[in-house]
1. Out of (1) farther than 16 Å from A16 by Cβ; (2) open to solvent by less than 40 Å² (accessible area, probe 1.4 Å); (3) out of contact with any strand residue (DSSP E or B) (no Cβ under 6 Å at 6 or more places or on another chain); (4) part of a helix (DSSP H, G or I), the odd one out for H141 is which?
2. Counting only residues that are under 25 Å from the mean Cα position of the chain (by Cα), give me the helices (runs of 4 or more DSSP H) lying completely in the stretch 182-269 with at least 2 of them.
3. In the stretch 25-41, what residues are farther than 21 Å from K60 by Cα and open to solvent by less than 70 Å² (accessible area, probe 1.4 Å)?
4. Take the conditions on the phi > 0 side of the Ramachandran plot and not polar (S, T, N, Q) and apply them to G127. Does it pass?
5. I'd like the residue in the stretch 123-138 that is touching a strand residue (DSSP E or B) at 6+ places or on another chain (Cβ under 9 Å) and open to solvent by 30 Å² or more (accessible area, probe 1.4 Å) and, out of all such residues, is nearest to G20 (Cα to Cα).
6. Sort through A58, A75 and tell me the only one that's of a type outside the set (K, R) and buried (at least 24 other Cβ atoms within 10 Å of the Cβ).
7. Looking at the stretch 6-24, can you tell me whether even one residue there is closer than 15 Å to K150 by Cβ, modelled with pLDDT of 90 or more, surrounded by 12 or more Cβ atoms within 10 Å (Cβ to Cβ) and among the hydroxyl-bearing types (S, T, Y)?
Amino acid sequence: MAQTVAVLGTGKIGEALLSGMIRAGWKPADLLCTARRAERAEALRDRYGVEVVGNADAAKRADTLILAVKPQDMATLLDELAPHLPADRLVISAAAGVPTAFFEERLPAGTPVVRVMPNTPVLVDEGMSVISGGTHATEDHLLRTEAIFKPVGKTLRVPESQQDAATALSGSGPAYFYFLVEAMTDAGILLGLPRDKAHDLIVQAAIGAAVMLRDSGEHPVKLREAVTSPAGTTINAIRELEKHGVRHALIAALEAARDRSRELASGTG
């Protein structure tokens, strides 16, 4: 049976999902989206051939609603949707740190809710979307959610109790790599390389290492040891990383990100 999907909040992530569904074969006639500004609505219509509607209209017409607004705007959006939303509609949240219980308390009783934490590489179809079902979400609801997010990368199901850890690792994860590339580029300049050449060297090393991790099936320790010859350059660099506590700093940083996600979820942040 054909499904109508509405994307509410068509910013970067919302538009990435919209374009991904169309590339995966969804018909524009089966897709709706919302936009605050008239010029944004016109751009979405021209670019994708989809209908741009109001939030209440989307709630009435769509079988699945993807809520991709900012977490701080979610309560206001739910207040607007609730009077118009039949309880059998699937609601997918892509808002960081907002638990499914938050939606279930504000929407009609029995509304199935699925929480998803995508990361920004969904913009280049290399994202990771971590999926957790709420109280009323069934296997069918989870499969429908995966069908929406798989065109823009991979999906992984976890219990909702693990979403804060997944946010720290995956949701925030790209930023850690960008930070590392930034630092390594500065080091390359210090060592005498032009910025553009240092950048190209590091980015390709990162891409190659990631593909080897993904495709080889080898443990990262084994791959690292293959590069680390006795008394060579790599082991000297790793010694300095260990001396400066880089491993400990990464663990502490991820714990801090997890704790912040918990604070946002509890409303204390």
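The values are calculated or read from the model by the stated rules, or taken from the named source; none is laboratory data. Because the structure is a prediction, the values reported are computed rather than measured. Here the Cβ positions follow ideal geometry from the backbone for every residue, glycine too, while neighbour counts run over all protein chains shown. All accessible areas refer to the heavy atoms of the entire protein, side chains included, with ligands and DNA or RNA removed. Shrake-Rupley method; radii C 1.70, N 1.55, O 1.52, S 1.80 Å.
1. (3)
2. Here the list reads 195-216, 246-266.
3. Those that are farther than 21 Å from K60 by Cα and open to solvent by less than 70 Å² (accessible area, probe 1.4 Å): G25, R40.
4. Against the criterion (on the phi > 0 side of the Ramachandran plot and not polar (S, T, N, Q)), G127 does not qualify.
5. D125
6. Within the list A58, A75, the selection yields A58.
7. Yes.
Conditions (1) within 20 Å of T234 (Cα to Cα); (2) modelled with pLDDT under 95; (3) open to solvent by 90 Å² or more (accessible area, probe 1.4 Å), marked per residue:
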{"position": "F177", "(1), (2), (3)": "yes, no, yes"}
{"position": "R195", "(1), (2), (3)": "no, no, yes"}
{"position": "L201", "(1), (2), (3)": "yes, no, yes"}
{"position": "Q204", "(1), (2), (3)": "yes, no, yes"}
{"position": "G217", "(1), (2), (3)": "no, yes, no"}
{"position": "P220", "(1), (2), (3)": "yes, no, no"}
